[in-house]
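Trainee: Once you've had a glance at the structure underneath, I'll fire off some questions.
The values are calculated or read from the model by the stated rules, or taken from the named source; none is laboratory data. This one's a predicted model, so the numbers in the text were calculated from it and none came from an experiment. Cβ coordinates were reconstructed from backbone atoms using ideal geometry, including for glycine residues, and neighbour counts include every protein chain displayed. Just the protein is used for accessible areas: all its heavy atoms, side chains included, with ligands, DNA and RNA removed. Shrake-Rupley method; radii C 1.70, N 1.55, O 1.52, S 1.80 Å.
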Amino acid sequence: MNNLSELEVAELIKQIVCIYFQAPDDAFTRRTRKSEYIKIKHTCCYLIKRHTTLSSNEVCKMFGLKNHSSIILLVKKIEDIASYDREVRREIKELDEIIKFKGLSKNERINFDEFYYINLDNFKSIRDNSERAVIFVGYSDDEIESLLPNLPIRKHNDTKKFILENDEKTEGESRGK
């Protein structure tokens, strides 16, 4: 069973869409008729409906739309536009791939309890030379300095990256070891 709720997945999809279109954080709450914001909202609604099991009413409430028929029409509109507009088709395909890669799609959802997950949203690194570097997650500057003195520490913030590996303990337990 997955440990992310559908609403949490929807919020992650919203973040992915904002990053992809380089939109401000308030892109979904702005009351505007500018085409770039409408495109972002519509694309996000479409992707949430496609990759989660949320009902049209729930998606509607997330974006402050009038009723569930707005979502149904919006999904049809995006599919129609993608049928003739190569740019929209490419954007939808790339966003689909990102969502699937992150393990957020309803059919390919990753159970994070079974995987070793390292959040690289905020980390520090030390580069020894052009081919060698060390990444530190959760270490203070003093701890890093004591491990590898005299090397410059770089800080990386809001990268939206992570590492995901099978958890060896879970694999061993499932085999009866």
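Trainee: Say we look at the range 121-153 and pick out the residues that are within 24 Å of I19 (Cβ to Cβ) and at pLDDT below 85; which of these is farthest from the chain's Cα centre (by Cα)?
Mentor: N122
Trainee: Can you report the number of residues in the range 133-159 which are assigned to a helix (DSSP H, G or I), open to solvent by 70 Å² or more (accessible area, probe 1.4 Å) and not polar (S, T, N, Q)?
Mentor: Residues that pass the stated criteria total 4.
Trainee: List, please: which pairs have Cβ atoms under 6 Å, are six or more places apart or on different chains, and start with a residue in the range 6-25 that is under 23 Å from T53 (Cα atoms) and end with one that is exposed (fewer than 14 other Cβ atoms within 10 Å of the Cβ)?
Mentor: So the pair list comes out as E6/T53.
Trainee: Taking the range 18-56, which residues are of a type in the set (V, I, T), closer than 16 Å to E94 by Cβ and in contact with a Lys or Arg (Cβ under 9 Å, 6 or more places away or on another chain)?
Mentor: Answer for the range 18-56, where residues must be of a type in the set (V, I, T), closer than 16 Å to E94 by Cβ and in contact with a Lys or Arg (Cβ under 9 Å, 6 or more places away or on another chain): just I19.
Trainee: Applying the selection to the range 1-52, what residues are of a type in the set (S, T, Y) and under 17 Å from the mean Cα position of the chain (by Cα)?
Mentor: Hits for the range 1-52 are S5, Y20, T43, Y46, T52.
Trainee: Tell me, please, whether a residue that is basic (K, R), assigned to a loop (DSSP other than H, G, I, E, B) and in contact with a helix residue (DSSP H, G or I) (Cβ under 8 Å, 6 or more places away or on another chain) can be found in the range 19-38.
Mentor: Initially, the range 19-38 is screened for residues basic (K, R), giving 30-31, 33-34.
Filter once more, keeping what is assigned to a loop (DSSP other than H, G, I, E, B): 30-31, 33-34.
From the residues that got through so far, the ones that are in contact with a helix residue (DSSP H, G or I) (Cβ under 8 Å, 6 or more places away or on another chain) too are 30.
The answer is yes; a qualifying residue exists.
Trainee: Kindly check whether there is at least one residue in the range 83-91 that is modelled with pLDDT under 85, open to solvent by 90 Å² or more (accessible area, probe 1.4 Å) and either on the phi > 0 side of the Ramachandran plot or in contact with a helix residue (DSSP H, G or I) (Cβ under 9 Å, 6 or more places away or on another chain) (or both).
Mentor: no
Trainee: Okay, next question. Specify the residue that is nearest to F21 (Cα to Cα); the eligible residues are those in the range 66-76 that are in contact with a helix residue (DSSP H, G or I) (Cβ under 7 Å, 6 or more places away or on another chain) and open to solvent by 20 Å² or more (accessible area, probe 1.4 Å).
Mentor: My answer is V75.
Trainee: Would a scan of the range 6-18 turn up a residue that is more than 30 Å from E165 (Cα to Cα) and charged (D, E, K, R)?
Mentor: no
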